[in-house]
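*Asks:* Once you've had a glance at the structure underneath, I'll fire off some questions.
The values are calculated or read from the model by the stated rules, or taken from the named source; none is laboratory data. Since the model is a prediction, treat every value here as computed from it, not as a measurement. In this analysis, Cβ positions are derived from the backbone assuming ideal geometry, glycine residues included, and neighbour counts consider all displayed protein chains. Quick note on the areas: whole protein, heavy atoms, side chains included, nothing else; ligands and nucleic acids left out. Shrake-Rupley method; radii C 1.70, N 1.55, O 1.52, S 1.80 Å.
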Amino acid sequence: MAIEWDEPTRSFLLTGDGFGYAFAVERDGTPLRHLHWGSPLDRADLARLDPDGGARVGSNTWSRPRAHLEELVAHGGARFDEGALLVEFADGVTALDLRYDGAERTGADALAVQLVDRHRPLDVTVRYEVRGPALCRRLEVGNRGDEPVVLTRAASASWPVPCRPRYQATTLTGGYAAESHVRRQPLGPGRLVLESRRGIPGHAAQPWLAVDGGPGAATEESGEIWSVAVAHGGSWKLVAELSGDGHLHVTAGANDFDARHVLDPGARLTLPDTVGVYAPAGYAGLTARWHDYERRYVLPRPEQARPVLYNSWESTFFDVRHDDQVALAKRARDLGVELFVVDDGWFTDRDDDHGGLGDWRADRTKLPAGVGGLAGEVHALGMRFGLWVEPEAVNPDSDLYRDHPDWVYRWPGRAPTPVRYSYGLDFGRADVRDWAFSTLDGMVREGHVDFLKWDLNRSLTDAPGTAALRHEAGFHAVVDRLRRAHPDLWLETCASGGGRADLATLSRFELAWPSDNTDAFERLAIQDGYAFVHSPQTMSCWVTDSPGYLSKRAIPLRFRFHVAMSGALGIGGRLGQWPAEHLAEAAGYVARYKEIRDTVQLGRRYRLDAGADRSAVCCVAADGAQVAVFVFAQTVRQDGHDPPLRLRGLDPAARYRDLDTGLDYGGAFLTHHGLRPLLSGDYASELVVLSRE
Ligand code: DGJ
């Protein structure tokens with residue numbers, strides 16, 4: 001990794017693991033002229049880069065400079081394309097006119113480029129950091145004047161994508177109970193906008209977008225792809241704008257919806273990180289680079305596999321009672337579970353979702369021995385103990401709200417807007433943060449809690465869009481303080497399922513709950529999309545009952561286990577109602593999972609081309625010594641076409657043995673001819689484990 005300055009071309013060349021990125025200063029009417037994002041580049045070629053980026057010259061009709069030629073589109077002059085920065089000075093002027101004012105190395109792989117306005121006392125720092133296979137970019141804006149300045153748009157970066165004949169976007173989109181589906185769409189002239197206005201990342205889309213050279217240009221194994229994520233747990237926005245003559249740039253950052261950032265004299269605003277990852281050879285490589293980035297730079301405890309957990313939600317819902325939980329815990333322990341998590345319903349006035357939030361005391365009628373008493377029993381069974389919380393919300397019928405009605409987001413003179421019967425606590429306030437920390441600190445300390453599932457079941461309401469940045473900073477501050485106070489505490493992020501699994505949150509949470517939808521069949525697409533970008537060790541997957549409580553679909557235990565075993569395995573069923581043969585079968589799956597867990601969670605993950613009715617994933621251990629192949633079919637038809645499952649990520653020269661069948665295969669054979677797992681019936685699945693010889 002390197003950051004180089006090239007004096008003859010007055011350019012910076014940033015080189016990461018498998019990519020290069022370059023821009024020049026003060027050229028073609030822009031302070032930062034974008035030159036290159038793609039494969040690593042020889043510095044000698046900086047002088048060869050197309051000076052006008054392929055744009056037609058001489059037209060007065062285009063924006064000037066063209067957006068795809070600028071590192072940062074800051075509105076002013078003849079810039080009409082989607083921009084990252086738009087200001088409003090006190091006298092009504094809304095134009096910026098930035099110039100380069102120097103650059104500083106802020107670390108071995110970090111650069112801060114200083115821009116200042118030519119006319120007004122406003123400065124912008126454009127920060128770059130090379131982090132392995134990723135480039136992180138963000139902005140800081142400072143008001144050096146003596147009057148307030150309003151930022152009416154404050155994204156973090158413009159990401160120009162090289163000119164190609166066509167473009168196609170890959171998104172991870174959906175909705176509640178259907179999050180993160182991998183979708184592809186051609187990009188035509190105009191804008192594709194992905195966003196959340198909710199104060200959390202939301203269920204409709206992951207804050208992530210990838211672009212390739214049009215349908216067919218990229219496959220799993222070939223073709224260039226450029227991708228951008230917004231590392232922000234608040235309202236975010238990604239805009240891919242394609243000009244009529246085929247130039248693309250992606251604007252990424254915090255959402256500008258209802259967001260006027262007032263910068264008082266002397267104030268500086270730091271905007272969220274955006275992360276760009278280039279992949280030269282297909283989607284498999286793109287996924288590998290994102291996983292590599294998360295494991296090396298984002299996740300806490302990246303080297304540790306996550307425990308097999310049990311979660312009580314779909315078993316007892318709000319009816320959390322000591323004896324029932326202990327009975328569940330014993331059954332869970334017998335299955336091989338390592339962490340027992342008590343979900344919602346354990347605290348006072350929490351018999352449904354109308355009350356209780358804010359008053360974080362154990363309901364002594366349900367838990368006579370308190371949280372600590374229950375935790376003690378779970379610990380005695382040899383498992384870690386976890387608890388559900390929703391610290392950012394409060395029910396109106398609570399002591400906390402009665403004592404502090406001013407702690408919630410609300411417009412003056414109006415009642416707050418309830419969402420799931422709760423109001424939002426303003427984590428921008430120091431007193432709210434102190435309360436949240438001391439409440440959680442006491443809960444963890446006195447309750448001997450090893451793990452918190454931190455949920456949020458509401459969007460941010462009754463506050464302007466700018467509140468999302470303050471709220472996120474407050475949320476991070478509380479989480480960070482809690483982690484410092486309890487270094488052994490593990491955390492799971494959840495927001496009514498997969499509503500908050502962005503990179504900023506994942507940097508503080510060991511696990512994420514991708515969806516409330518635990519139907520194993522529907523879950524396949526959700527997990528596929530989640531793991532497209534995020535490391536599987538964070539992907540919490542529970543085996544629940546059949547028929548599922550949301551889908552009402554009946555699915556065999558084997559399929560349900562195999563689906564959950566392809567992520568971080570958990571169990572969430574009514575174990576008291578599982579017949580003995582199911583319990584015995586389940587214990588077998590858990591034992592099997594522990595043999596392949598490191599491979600699934602910490603290894604390389606490849607999507608396989610399994611044919612129309614099937615899906616398959618191949619997990620290869622980091623050291624290549626073990627391979628776990630999962631294959632799933634909703635139904636197997638006699639007229640179906642069952643191509644062999646050609647594996648990916650194997651060493652063609654090595655031999656691999658299936659210890660269950662005793663058969664051994666060459667890596668080249670498995671790659672070119674593949675396996676032919678025999679599937680039959682409905683919801684058929686197979687797990688094949690291979691050991692390198
Ligand atoms: C929403 C979560 O996604 C569920 O798993 C569960 O924790 C409920 N909240 C509890 O209210």
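*Asks:* Where residues in the stretch 508-559 are aromatic (Phe, Trp, Tyr) and under 23 Å from the mean Cα position of the chain (by Cα), which of them is farthest from the ligand (Cβ to nearest atom)?
*Replies:* Phe532
*Asks:* Leu339: within 25 Å of Asp363 (Cα to Cα), within 16 Å of the ligand (Cβ to nearest atom) and more than 24 Å from the chain's Cα centre (by Cα), yes or no?
*Replies:* Considered against the rule, which asks whether it is within 25 Å of Asp363 (Cα to Cα), within 16 Å of the ligand (Cβ to nearest atom) and more than 24 Å from the chain's Cα centre (by Cα), Leu339 comes out as no.
*Asks:* Just give me the residues in the stretch 260-319 being within 16 Å of the ligand (Cβ to nearest atom) and within 22 Å of Val600 (Cβ to Cβ), in sequence order. Before you say what the answer is, go through the steps one by one.
*Replies:* Quick first cut of the stretch 260-319, residues within 16 Å of the ligand (Cβ to nearest atom) only: 309-319.
Leu309, Tyr310, Asn311 - these are the residues of the stretch 260-319 that are within 16 Å of the ligand (Cβ to nearest atom) and within 22 Å of Val600 (Cβ to Cβ).
*Asks:* While we're on this one: When the stretch 636-681 is examined, which residues are found to be of a type in the set (Ser, Thr, Tyr) and farther than 22 Å from Ala621 by Cβ?
*Replies:* Within the stretch 636-681, Ser680 is the sole residue that qualifies.
*Asks:* Considering only strands (runs of 3 or more DSSP E) fully contained in the stretch 190-239, which possess at least 3 residues that are open to solvent by less than 10 Å² (accessible area, probe 1.4 Å) and not basic (Lys, Arg)?
*Replies:* In the stretch 190-239, 205-212, 225-231 are the strands (runs of 3 or more DSSP E) which contain 3 or more residues that are open to solvent by less than 10 Å² (accessible area, probe 1.4 Å) and not basic (Lys, Arg).
*Asks:* In the stretch 451-490, which residue that is acidic (Asp, Glu), away from the ligand (no atom under 16 Å from the Cβ) and farther than 17 Å from Lys237 by Cβ is surrounded by the fewest Cβ atoms within 10 Å (Cβ to Cβ)?
*Replies:* Per the stated criteria, the residue is Asp488.
*Asks:* State yes or no: is Trp388 among the hydrophobic types (A, V, I, L, M, F, W, C), under 29 Å from the mean Cα position of the chain (by Cα), open to solvent by 10 Å² or more (accessible area, probe 1.4 Å) and within 16 Å of the ligand (Cβ to nearest atom)?
*Replies:* So Trp388 fails the test.
*Asks:* Shifting gears a bit: What pairs come up if the first residue lies in the stretch 194-220 and is closer than 21 Å to Leu456 by Cα, the second is of a type in the set (Val, Ile, Thr) and in a loop (DSSP other than H, G, I, E, B), and their beta carbons are under 8 Å apart, counting only those six or more places apart or on different chains?
*Replies:* Listed pairs, sorted by first residue: Gly199/Thr461.
*Asks:* Within the stretch 606-693, considering only strands (runs of 3 or more DSSP E) that don't extend past its boundaries, which have at least 2 residues that are touching a Cys at 6+ places or on another chain (Cβ under 7 Å)?
*Replies:* Of the strands (runs of 3 or more DSSP E) lying wholly inside the stretch 606-693, those with at least 2 residues that are touching a Cys at 6+ places or on another chain (Cβ under 7 Å) span 626-635.
*Asks:* Oh, and also: Looking only at the stretch 560-584, count every residue that is more than 19 Å from Arg597 (Cβ to Cβ) and either under 28 Å from the mean Cα position of the chain (by Cα) or assigned to a loop (DSSP other than H, G, I, E, B) (or both) and tell me the total.
*Replies:* Qualifying residue count for the region: 4.
*Asks:* Mind checking which pairs have a first residue in the stretch 331-343 that is in a helix (DSSP H, G or I) and a second that is open to solvent by 10 Å² or more (accessible area, probe 1.4 Å) and at pLDDT 95 or above, Cβ under 6 Å, 6 or more apart or different chains?
*Replies:* The qualifying pairs are Arg333/Leu381; Leu335/Ala587.
*Asks:* Please verify whether Ala332 is surrounded by fewer than 24 Cβ atoms within 10 Å (Cβ to Cβ) and more than 16 Å from the ligand (Cβ to nearest atom), treating the condition exactly as stated. Spell out the reasoning first.
*Replies:* Numbers: surrounded by fewer than 24 Cβ atoms within 10 Å (Cβ to Cβ): no; more than 16 Å from the ligand (Cβ to nearest atom): yes.
Criteria not met by Ala332.
*Asks:* Then there's this: Only residues that are over 24 Å from Val689 (Cα atoms), in contact (Cβ under 8 Å) with a residue 12 or more places away in the chain and among the charged types (D, E, K, R): list them for the stretch 532-567, please.
*Replies:* Asp545, Arg553
For every residue, the table says whether it meets (1) at pLDDT below 95; (2) part of a loop (DSSP other than H, G, I, E, B).
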position: Pro8; (1), (2): no, yes
position: Phe12; (1), (2): no, no
position: His36; (1), (2): no, no
position: Thr61; (1), (2): yes, yes
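*Asks:* Among (1) open to solvent by 20 Å² or more (accessible area, probe 1.4 Å); (2) in contact (Cβ under 8 Å) with a residue 60 or more places away in the chain; (3) of a type in the set (Gly, Ala, Ser), which single condition is Ser59 missing?
*Replies:* Only one criterion in (1) open to solvent by 20 Å² or more (accessible area, probe 1.4 Å); (2) in contact (Cβ under 8 Å) with a residue 60 or more places away in the chain; (3) of a type in the set (Gly, Ala, Ser) is unmet by Ser59, namely (2).
*Asks:* Okay, next question. Return the pair list, or none, for Cβ contacts closer than 6 Å from residues in the stretch 139-164 that are over 18 Å from Leu72 (Cα atoms) to residues that are open to solvent by 10 Å² or more (accessible area, probe 1.4 Å) and aromatic (Phe, Trp, Tyr), at least 6 apart or on different chains.
*Replies:* Note: pairs meeting the criteria are Val149/Phe89.
*Asks:* Considering Asp45, Asp123, which residue is open to solvent by 10 Å² or more (accessible area, probe 1.4 Å) and either over 30 Å from Arg260 (Cβ atoms) or at pLDDT 95 or above (or both)?
*Replies:* Being open to solvent by 10 Å² or more (accessible area, probe 1.4 Å) and either over 30 Å from Arg260 (Cβ atoms) or at pLDDT 95 or above (or both) holds for just one of Asp45, Asp123, which is Asp45.
*Asks:* Would you please name the residue that is nearest to Trp226 (Cα to Cα), looking only at residues in the stretch 163-181 that are in contact with a strand residue (DSSP E or B) (Cβ under 6 Å, 6 or more places away or on another chain) and open to solvent by 30 Å² or more (accessible area, probe 1.4 Å)?
*Replies:* Top of the filtered list is His181.
*Asks:* While we're looking at this one, here's another question. If you go through the stretch 94-145, how many residues are of a type in the set (A, V, I, L, M, F, W, C), within 27 Å of the chain's Cα centre (by Cα) and in a strand (DSSP E or B)?
*Replies:* Counting residues in the stretch 94-145 that are of a type in the set (A, V, I, L, M, F, W, C), within 27 Å of the chain's Cα centre (by Cα) and in a strand (DSSP E or B) gives 10.
*Asks:* On to the next question. Consider the stretch 651-689. How many of its residues are at pLDDT 95 or above and open to solvent by less than 30 Å² (accessible area, probe 1.4 Å)?
*Replies:* 13
*Asks:* Taking into account only those residues within the stretch 391-401 that are buried (at least 17 other Cβ atoms within 10 Å of the Cβ) and touching a residue at least 40 places away in the same chain (Cβ under 8 Å), which is nearest to the ligand (Cβ to nearest atom)?
*Replies:* Quick first cut of the stretch 391-401, residues buried (at least 17 other Cβ atoms within 10 Å of the Cβ) only: 391-396, 398, 400-401.
Next, only the ones that are touching a residue at least 40 places away in the same chain (Cβ under 8 Å) stay: 391-393, 395, 398, 400-401.
Numbers: Pro391: 13, Glu392: 13, Ala393: 10, Asn395: 12, Ser398: 15, Leu400: 17, Tyr401: 18 Å.
Taking the candidates together, the pick is Ala393.
*Asks:* Quick check on this structure: which one of Gly424, Gly447, Gly428 is modelled with pLDDT of 95 or more, farther than 21 Å from Ser312 by Cβ and either of a type in the set (Asp, Glu) or more than 16 Å from the ligand (Cβ to nearest atom) (or both)?
*Replies:* Gly428
*Asks:* Next question. Give the number of residues within the stretch 67-93 that are touching a helix residue (DSSP H, G or I) at 6+ places or on another chain (Cβ under 7 Å) and in a helix (DSSP H, G or I).
*Replies:* 0
*Asks:* Under 9 Å by Cβ, and 6 or more places apart or on different chains, what pairs join a residue from the stretch 590-609 that is hydroxyl-bearing (Ser, Thr, Tyr) with one that is assigned to a strand (DSSP E or B) and surrounded by fewer than 22 Cβ atoms within 10 Å (Cβ to Cβ)?
*Replies:* Hits for this filter: Thr599/Gln626; Thr599/Val689.
*Asks:* Examine the stretch 491-503 for a residue that is surrounded by fewer than 24 Cβ atoms within 10 Å (Cβ to Cβ), modelled with pLDDT of 95 or more and away from the ligand (no atom under 16 Å from the Cβ), and state whether such a residue exists.
*Replies:* Among the residues of the stretch 491-503, not one is surrounded by fewer than 24 Cβ atoms within 10 Å (Cβ to Cβ), modelled with pLDDT of 95 or more and away from the ligand (no atom under 16 Å from the Cβ), which makes the answer no.
*Asks:* Tell me which residues, restricted to the stretch 344-380, are hydrophobic (A, V, I, L, M, F, W, C), assigned to a loop (DSSP other than H, G, I, E, B) and surrounded by fewer than 16 Cβ atoms within 10 Å (Cβ to Cβ).
*Replies:* Ala369
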